[in-house]
Amino acid sequence: MKKLILAFFAAASLAACKKSTTETPQQVEGLIKLSNKVSNTPYSPTNPLLKDANTDFEIGAAINEGKFGNALYTGLASSQYNSITAENQMKFANIQASQNVFTYGTNVTNFAKNNGINRVHGHAIMWYSGVPAWVTNAGGSATGETRKQIYRSILYNHINKVFSFYYTQKDANGNPLVKSWDVVNEAFNDDGTYRSNATNVWARELGAYDAIRLAFLYARQIADGLGDTNLKLFYNDYGHEYSNAKTDAIYNLVNTLKVITSNNKPIIDGVGLQMHTSNTRTVTGNTNSIYYGISKMSATGLLVHISELDIKLNGGTVADQDYRWYNIPKIYRDLVPSARRWGITLWNIGDSDNWQGTAAAATLYAPTTYAKKSAYTNFYKGLNE
Ligand code: 9MR
């Protein structure tokens with residue numbers, strides 16, 4: 001009987017899915033339609049706002065202060081979203097390019113405050129990329145525990161300074177504006193092994209797993225010490241939608257981390273799926289698919305954030321791209337219970353702003369004019385229907 005009910009919901013949910021030229025929706029297994037509020041604003045061609053499509057969770061954008069001179073850009077960034085991520089300004093190398101010289105980017109946090117956006121997602125603390133040379137070379141000729149101690153201190157000091165500063169930034173209600181952080185970003189290769197010591201200085205100095213554990217432990221201890229007791233701590237990575245091996249490795253890591261506590265509190269709260277994807281990635285089924293990635297991350301029981309969404313046009317059709325714009329939010333809503341949805345964040349605003357360049361056509365808005373593309377309508381409906 002239970003199977004029949006599941007099959008019914010799966011069929012009902014899929015009936016709404018847009019057709020793809022490359023896949024049949026029948027491939028999706030076990031979709032269970034979860035609750036949504038009924039007060040959401042349905043799509044209409046007259047100025048719908050993404051943040052109103054589904055009030056169960058936030059819709060975010062990564063933004064870049066270099067674009068603030070463009071009124072079309074700031075107009076969309078300030079109106080369509082209720083969460084903001086700094087595309088670059090809060091990264092390690094941007095904040096502490098030289099040892100102990102801290103340059104806290106506030107353009108992005110101020111943009112949020114000035115536009116009544118009450119949530120900034122911090123990105124990112126520990127990352128193999130963008131590590132300043134002084135960090136890579138900090139160990140000098142020290143060996144053994146001493147060398148480890150040097151890197152533990154660098155990590156602790158960075159988190160302490162960064163969390164302490166951003167804790168002073170408050171939202172309109174007097175609560176901390178930065179409500180979450182990517183504490184660790186991209187620790188795995190696509191085959192599910194850890195990035196090598198040659199690539200990742202944190203793994204080289206502290207051990208691949210221990211570096212991650214320490215980052216979360218310090219982050220929790222420091223946040224709680226500040227009184228920032230609601231700060232949510234995330235493990236963020238890409239590739240869930242095309243590598244079961246990587247997804248499973250992330251699943252195993254976060255399951256290990258979530259039972260480690262500091263003052264009886266788990267040191268990790270959530271997982272981010274970056275979802276820098278393309279129109280050729282598999283949507284449905286249980287093998288290397290968007291469906292599998294989201295379902296496995298939901299199975300961690302943690303908060304789930306689609307944290308850097310863009311869909312690159314990769315030699316295929318706009319219809320295939322739109323199919324994914326519709327189904328990514330739809331599958332997210334179907335698989336992640338409402339209380340564990342940290343939201344969906346898009347990686348920058350329009351095609352002129354995306355890291356992959358204009359030709360990738362990877363966002364919701366056309367280059368230069370910022371006209372809404374069919375991607376916008378499909379994403380909105382996937383959030384709402
Ligand atoms: O979009 C970001 C680009 O402007 C930067 O040059 C680059 C290096 O810092 O990082 C890009 O953002 C990345 C994000 O921080 C982590 N996930 C992958 C993103 C795209 O490369």
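The values are calculated or read from the model by the stated rules, or taken from the named source; none is laboratory data. Here the structure is a predicted model, which means the values were calculated and not measured. Positions of Cβ are backbone-derived with ideal geometry, glycine not excepted, and every protein chain shown enters the neighbour counts.
Within the stretch 238-280, how many residues turn out to be in a loop (DSSP other than H, G, I, E, B) and within 16 Å of the ligand (Cβ to nearest atom)? Final tally of qualifying residues: 8.
When the stretch 130-188 is filtered for residues that are of a type in the set (Gly, Ala, Ser), crowded, with 20+ Cβ neighbours inside 10 Å and more than 18 Å from ASN88 (Cβ to Cβ), only ALA187 remains. A search for C-beta distances below 7 Å between a residue of the stretch 112-124 that is under 20 Å from ILE95 (Cα atoms) and within 16 Å of the ligand (Cβ to nearest atom) and any residue that is at pLDDT 95 or above and of a type in the set (Gly, Ala, Ser), counting only pairs 6+ apart in sequence or on different chains, returns VAL120/ALA112; HIS121/GLY60; HIS121/SER83; HIS121/SER180; GLY122/SER180; HIS123/ALA86. What are the residues in the stretch 307-358 that are within 16 Å of the ligand (Cβ to nearest atom) and in a helix (DSSP H, G or I), if any? Matches in the stretch 307-358: THR358 only.
Within the stretch 361-375, not a single residue is aromatic (Phe, Trp, Tyr), modelled with pLDDT of 95 or more and within 17 Å of the chain's Cα centre (by Cα). For the residues LYS232, LYS258, LYS246, LYS179, the requirement of being among the basic types (Lys, Arg) and more than 17 Å from the chain's Cα centre (by Cα) singles out LYS258. Might you let me know whether the stretch 112-124 holds any residue that is outside any loop (DSSP other than H, G, I, E, B), touching a Phe, Trp or Tyr at 6+ places or on another chain (Cβ under 9 Å) and over 24 Å from ILE268 (Cβ atoms)? No. Filtered by the rule that a residue be in a loop (DSSP other than H, G, I, E, B), within 16 Å of the ligand (Cβ to nearest atom) and of a type in the set (Gly, Ala, Ser), the stretch 154-209 gives a lone residue, ALA187. None of ALA71, ALA86 is free of Cβ contacts under 8 Å to residues at least 60 places away in the same chain, within 23 Å of TYR156 (Cα to Cα) and among the hydrophobic types (A, V, I, L, M, F, W, C) except ALA86. One residue alone among ASN244, ASN279, ASN264, ASN252 is at pLDDT 95 or above and in contact with a Leu (Cβ under 7 Å, 6 or more places away or on another chain), and that residue is ASN279.
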